[in-house]
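Structure first, then comments.
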């Protein structure tokens, strides 16, 4: 009975990778970047425990984990684009407000004294 448990144990490592990938996707989808970054060390531990060649039974689990990983990457790219758009909008609003207040005409730093 020990022999059937060994393949299941080998696949269990890959299922842990899949569960980890699912958690990463969930966190990325919610924009929880600090929590997502904190998972990096656990990912390294999971990968370090894997054998050089995965068992054939792990192929479907690895394929699913790869797809989820790709979805996470896409989610992070979307989040990045949203953040960049927000920053650009804030910068535009600041320039507009400065223009209305006349701040655009005044230098924000004192003029350089070239005689010193």
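Counted residue by residue at 0.36 nm each, then reduced by the alpha carbon distance between them, the extension gain from residue 67 to residue 38 reaches 8.3 nm. How big is the gap, in Å, between the Cα center of segment 17-40 and the Cα center of segment 54-86? When both Cα centres are located, 10 Å separates them. Compute the Cα gyration tensor for segment 21-67, then decide on rounded, prolate or oblate, letting a ≥ b ≥ c be the square roots of its eigenvalues: rounded whenever a/c is under 1.5, prolate when a/b is larger than b/c in the other cases, and oblate in all that remain. Because a/c hits 1.5 or more and a/b fails to exceed b/c, segment 21-67 counts as oblate.
Readers should treat all values here as calculations from the given coordinates under stated rules, not as data from a laboratory. Keep in mind that this is a model prediction, so the values were computed, not measured.
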